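Engineer: This is the structure, below, for whatever I ask next.
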Amino acid sequence: MSSEHEAASRILSFPVEVLHLVFELLSLTELRALSLVNKELRTQVEPFLYANIQWLWQEAPSPPPITQLLRTISCRPHLAAYITNVYLDGMRIRGRNIAGSLYTIPISNSELTEYTAFVQGTGVPYSDRWIRELHQGTIDALLALLVAQLSNLRSLYLGPIFTRESRFVGMVLNSALCRPKMYRLPTFQHLRDVSFHRVVGDDGTKPNLTPRDRSKNTANVLPLFYLPNVQSMSVTVENPDEFTWPAAHLPDPSKLTSLDLTAVREAYLGNLLLVTPNLKTLRWAWYYDYGVEDDFVSPIVDLDGVAAALSHVRSTLTDLTITADAPIGGNEQFYPAVKMEGSLHALVDFDELKRLQIPLAFLVGFVEDTTKRLQDVVPRNIEFLTITDELGLQNDGGEYNTEWPIYEWTDSAVLTLLRTWLRDWRSCTPHLRGISILFDYIETNSGEWPPELRHQVMELGAQAGVSLDLVEWKREW
């Protein structure tokens, strides 16, 4: 017996529980080397070797090895059950945009025969279309084929390069989650953590599309809310002409406690929050795309609508982050104008809310009015508040500039707001522990928060007995 086989035999003499503790510490390279020693060791190592699939698609001509993995699990189907975590991300070039069309991957006839048999075996009504896309080697069809075999998946992350075209992934999720007894697909009962991100705005490839021509991803991501045991979800939900859940019944993600939403506007935000009865953490990215204005996507922030949507989770929400972005679109030179309507005064009664991050404009509007009071908007049981200057560059020359007020809040006026609040903060927000002011670092060169005002901020915090910080942040251009 060779020394390698003797060593392998000694390793295999240890209890399985001990071996698993050791395997968890090994790198992918080390696991791969062990799997090549002999069949017995390979059997023990493979669950760890295939547990985590992570691909970063960094170079346009070099798509990830999805066909190699599909080829392997086609030959040895039991390996698919070992895959528990899938993380796929990659190219994010030209700022928000991903240039060019996605590459296709050539597939051999023998592989296509196996893939065709699997797709037909699922019984889905769109199998012919799915097979045609597989013949063309599209990433979406191949990714759908992979997902359709992952019965023990626990975590799924799909970055924008993989969700730019997601029709077949969405249809597989719809079939599996909204009609679970009709087709031979996984039920994804173990899936706890899911991220499904997409670039919003003009992707640079079809600049002449009208809003109704654009392919929206809503139908592809809404099935995720039907995951039976999902706990954390981060999704881009684009605004459809009409909001419709993909099943005859509403989803009931009762275990969902953390939700990150991008792109969906206030008109539909309530539809999503209505079905999340136990939500504790919410991050919502308000977004206005200058190129796709329609009945539901406009430059007007409906604060009353926001408050009404958030009211669905008022009794459970402890951590809320609201960000806002309305970037320069097309060949425009100025940021689009944005208008605030209504108020968020209802937030005062969100008694469970302990942490809040929100743009100043959402609290007090664009017009500098120091008679407004932060304590009339901030939740009474707040512990940590972060105020940002997002939307501070709007209305500087846009289409509605003659009708809508520009962003007027200066740093000294913000300090006045804080001073008014902190003068008697214990009576209105008795649990307050810290306040952070996030401001764009670029503005520091033009006099924002000069040293004397920064000193006054520190003094105010010290006098009030509350941690008060100024934090520079870098805007994503």
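Engineer: Please report, in whole Å, how far the alpha carbons of region 237-361 spread along each principal axis, starting with the longest.
Structural biologist: On the principal axes, region 237-361 reaches 45, 36, 21 Å in Cα extent.
Engineer: Could you pull the Rg and Dmax for region 286-476, using just the Cα atoms, both in Å?
Structural biologist: Over region 286-476's Cα set, Rg and Dmax evaluate to 16.7, 50 Å.
Engineer: Could you sort SER467, SER298 by their accessible area in this structure, using a 1.4 Å probe and putting the largest first?
Structural biologist: Result of the area sort, largest leading: SER467, SER298.
The values are calculated or read from the model by the stated rules, or taken from the named source; none is laboratory data. All values derive from a computational prediction rather than experimental measurement. All accessible areas refer to the heavy atoms of the entire protein, side chains included, with ligands and DNA or RNA removed. Shrake-Rupley method; radii C 1.70, N 1.55, O 1.52, S 1.80 Å.
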